Amino acid sequence: QVQLVESGGGLVQPGGSLRLSCAASGSMFTINNMGWYRQAPGKQRAELVASITTGGSTKYEESVEGRFSISLNNGKNTVFLDMNSLKPEDTGMYYCAVETILHPYDRTWTAWGQGTQVTVSS
C-alpha cells in the first residue's frame, strides 16, 4: 500500500552539499515517522542518520548533527535530507524509511525506498 521513490544522490566533493528527497505514495496509510538510513561501503548494516515525526520533531546521528537537516513538505508525504559540509565518511547508500499505520487494520509497517548512492570524493 506504500511505495517510496528516492532521488538526489550523486558524486560531490568534500565540503559540498546535496539534497535527498523521498516521496511516499499509495493509499490506506498514515505516516508516523520518516527517516534516512546509510549503509557505508563494506558495511552490512545501515545506520539511522536522521529521523523526523509528522509533528516536526527531529533526531540526528552524532556524526551528522549540525551538518544535515531533515524536513517534510507541506503535505507531509515527502521527506528531505539536506546534507552540508559533506565528508568522505558520509559516502554510502542512503535509504528512506517510512513508518506507517495501515488502515483500516491499524497495523504498523515500515516501507523502504530503493536507495540512492551518495559519494563524497575529490
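General remarks:
- Within region 17-45, tally of residues that are of a type in the set (A, V, I, L, M, F, W, C) and part of a loop (DSSP other than H, G, I, E, B): 2
- If the condition is being open to solvent by 40 Å² or more (accessible area, probe 1.4 Å) and either within 16 Å of Thr108 (Cα to Cα) or not in a strand (DSSP E or B) (or both), then region 5-16 contributes Gln13, Pro14, Gly15.
Here's the yes/no breakdown for (1) at pLDDT 95 or above; (2) surrounded by fewer than 14 Cβ atoms within 10 Å (Cβ to Cβ); (3) of a type in the set (Phe, Trp, Tyr); (4) farther than 21 Å from Gly10 by Cα:
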position	(1), (2), (3), (4)
Thr30	no, yes, no, yes
Lys43	yes, yes, no, no
Ile52	yes, no, no, yes
Gly92	yes, no, no, no
Tyr95	yes, no, yes, no
Trp109	no, yes, yes, yes
Val118	yes, no, no, no
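- Filter result for Val2 (under 15 Å from Val118 (Cα atoms) and either hydroxyl-bearing (Ser, Thr, Tyr) or surrounded by 15 or more Cβ atoms within 10 Å (Cβ to Cβ) (or both)): no
- Restricting Glu47, Glu62, Glu6 to those that are of a type in the set (Asp, Glu) and under 25 Å from His103 (Cα atoms) reduces the list to Glu6.
- Scanning region 54-90 for residues that are open to solvent by less than 50 Å² (accessible area, probe 1.4 Å) and in contact (Cβ under 8 Å) with a residue 40 or more places away in the chain, we see that the one that is farthest from the chain's Cα centre (by Cα) is Leu86.
The values are calculated or read from the model by the stated rules, or taken from the named source; none is laboratory data. Just so it is clear, the structure is predicted and the values come from calculations on it, not from any experiment. Ideal geometry is used to build each Cβ from the backbone, glycine not excepted, and the neighbour counts take in all protein chains shown. Heads up: the accessible areas ignore ligands, DNA and RNA and are worked out on the full protein's heavy atoms, side chains in. Shrake-Rupley method; radii C 1.70, N 1.55, O 1.52, S 1.80 Å.
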